[in-house]
Amino acid sequence: MDFRDDVDLDASQVEEGGGGFPGGGLAIGGGVIGVVALVVALVLGVNPADLLSGGDSSSGGSTGARPASDLTAQCKKGSDADQSDKCRVVGVVNSVQKYWRDAFAERGKQPYRNARTVLFTNAVTTGCGRASSAVGPFYCPADSRVYLDLGFFTDLESRFGAKGGPFAQAYVIGHEYGHHVQNLLGTTRRAGGDSQGADSASVRLELQADCYAGVWAKNAVDTGFYESPFTKADIQEALDAAAAVGDDRIQERTQGRVDPEGWTHGSSRQRVKWFTTGYTTGSPARCDTFSGAI
C-alpha cells in the first residue's frame, strides 16, 4: 500500500482535535468497532447513551481544536503518507473522496461534497453530540465529518484479534466515508430508524458501507494516489478486520453466545461478503443491500 511519492496531499480534508459544534442528529456507524462499545455497554450495564450524547459540551475530556496548518505543514506529499500515521489518514481520505467525486460525476448524480475527518483523543464534541473514543470511528451527518481516534487501531489488534496493518486502517476510513455517501444520496434517511436485528436497516446500511469501501479499494489506484493496485496481502488485512468485528464474533467474545436480534452491523461472514462484493465488482450499483437477503 505505497503512495506515490510525488502526489500532492490535501491536508485541509483532515482536522486535529474537536470542534465546537452544537449537539443534534445521530451518529452513524462506529463502522467497525462502535458495535463493540454498544455490546460491551449492554453486557456491563452501562448506558449506551453515555458513550455518545448531546450533553454539555463544556464537560471535561475535550481535546480542543488545533489549527489546520498543523497537518498542512506535516503532510504535503505521498512520501509523507508512507512515513506518518496522520499523513496516511490524509492520503486515504484524499483518495477516497477523489474516487467518490469522480463516481458521482460519471453517474450524473448531484455533485459530491467533501466530508472532513477529525482526529481526536479520548473525547470530542460533534454535531451529533459529545462522543468518547469508546464509540470507535463514526460518521456524523449533522456536520458531515468522520471522527477517528487513532488509538482505535491498536484496540482492533490487541482486544479483538485483528491482524491490523495500513490497509485495515484504510478499510475503516473507506467504510465511514461510505456512510457519507449514503447521507448524500438520501439512503440513510430512507432506511428509517430500524436500528437492531439481523435484518434491520442498521445492518443493511453497515453492510452497504462495507461494500462501498471495497468499491473504493478496487478503484483506488485510478485516483492517482497509489503506486499500484492493492496486493492480496492488503486486501486480506481488510477482510481480517471485517471478520474480527462481525456482530456474531463480538457477541461470542463478550457474552459467550450469539444473539442475531441484537445485531447492528452484520455477521463476520456478511461483512466479508459485502466488502468482497464491492472489491470484485468495483461498482457502487452492486452494493444494494436493501433488496432481498443479505
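The values are calculated or read from the model by the stated rules, or taken from the named source; none is laboratory data. All figures in this text were calculated on a predicted structure; none of them were measured in a lab. In this analysis, Cβ positions are derived from the backbone assuming ideal geometry, glycine residues included, and neighbour counts consider all displayed protein chains. What goes into the accessible areas is simple: the full protein's heavy atoms, side chains included, and nothing from ligands, DNA or RNA. Shrake-Rupley method; radii C 1.70, N 1.55, O 1.52, S 1.80 Å.
Based on this model, can you work out whether residue 237 counts as more than 19 Å from residue 172 (Cα to Cα), in contact with a Gly (Cβ under 7 Å, 6 or more places away or on another chain) and not polar (S, T, N, Q)? The answer is no for residue 237.
Residues being of a type in the set (Gly, Ala, Ser) and out of contact with any helix residue (DSSP H, G or I) (no Cβ under 9 Å at 6 or more places or on another chain): count how many of those fall in region 249-273. Selection size over region 249-273: 1.
Among the residues of region 267-283, is there at least one that is at pLDDT 95 or above, among the small types (Gly, Ala, Ser) and open to solvent by 50 Å² or more (accessible area, probe 1.4 Å)? No: region 267-283 contains no residue that is at pLDDT 95 or above, among the small types (Gly, Ala, Ser) and open to solvent by 50 Å² or more (accessible area, probe 1.4 Å). Applying the criterion of being among the charged types (D, E, K, R) and part of a helix (DSSP H, G or I) to the residues of region 148-175, the residue that is least open to solvent (accessible area, probe 1.4 Å) is 155. Once region 239-263 is narrowed to residues that are open to solvent by less than 10 Å² (accessible area, probe 1.4 Å) and within 14 Å of residue 207 (Cβ to Cβ), the residue that is modelled with the lowest pLDDT is 245. Taking the numbered list (1) at positive phi; (2) in contact with a Gly (Cβ under 9 Å, 6 or more places away or on another chain); (3) open to solvent by 20 Å² or more (accessible area, probe 1.4 Å) in turn, residue 292 passes all entries but (2).
Annotation note: Cβ proximity below 6 Å between a residue of region 118-144 that is assigned to a helix (DSSP H, G or I) and a residue that is modelled with pLDDT of 90 or more and among the acidic types (Asp, Glu) (sequence gap 6+ or interchain) occurs for 133/149. For region 188-199, does any single residue satisfy the condition of being surrounded by 18 or more Cβ atoms within 10 Å (Cβ to Cβ) and within 18 Å of the chain's Cα centre (by Cα)? Checking region 188-199: at least one residue is surrounded by 18 or more Cβ atoms within 10 Å (Cβ to Cβ) and within 18 Å of the chain's Cα centre (by Cα).
Per this entry, residue 286 is counted among residues that are in contact (Cβ under 8 Å) with a residue 12 or more places away in the chain and open to solvent by 60 Å² or more (accessible area, probe 1.4 Å).
Close contacts from region 208-222, counting a first residue that is over 21 Å from residue 294 (Cα atoms) and a second that is β-branched (Val, Ile, Thr) and open to solvent by less than 10 Å² (accessible area, probe 1.4 Å), with Cβ to Cβ under 6 Å and a gap of 6+ residues or different chains, come to none at all.
What number of residues within region 57-85 satisfy the criterion of being at pLDDT 50 or above and either hydrophobic (A, V, I, L, M, F, W, C) or in a helix (DSSP H, G or I) (or both)? Break it down into steps so the answer makes sense when it comes.
To start, the set of residues in region 57-85 that are at pLDDT 50 or above comprises 70-85.
If we keep only those that are either hydrophobic (A, V, I, L, M, F, W, C) or in a helix (DSSP H, G or I) (or both) too, we end up with 70-75, 78-81, 85.
Total satisfying the criteria: 11.
Can you find a residue that is closer than 21 Å to residue 283 by Cα and crowded, with 23+ Cβ neighbours inside 10 Å anywhere in region 132-147? No, there is no match, as no residue in region 132-147 is closer than 21 Å to residue 283 by Cα and crowded, with 23+ Cβ neighbours inside 10 Å. Scanning region 248-260 for residues that are in contact with a Lys or Arg (Cβ under 9 Å, 6 or more places away or on another chain) and under 26 Å from residue 212 (Cα atoms) yields 248, 251.
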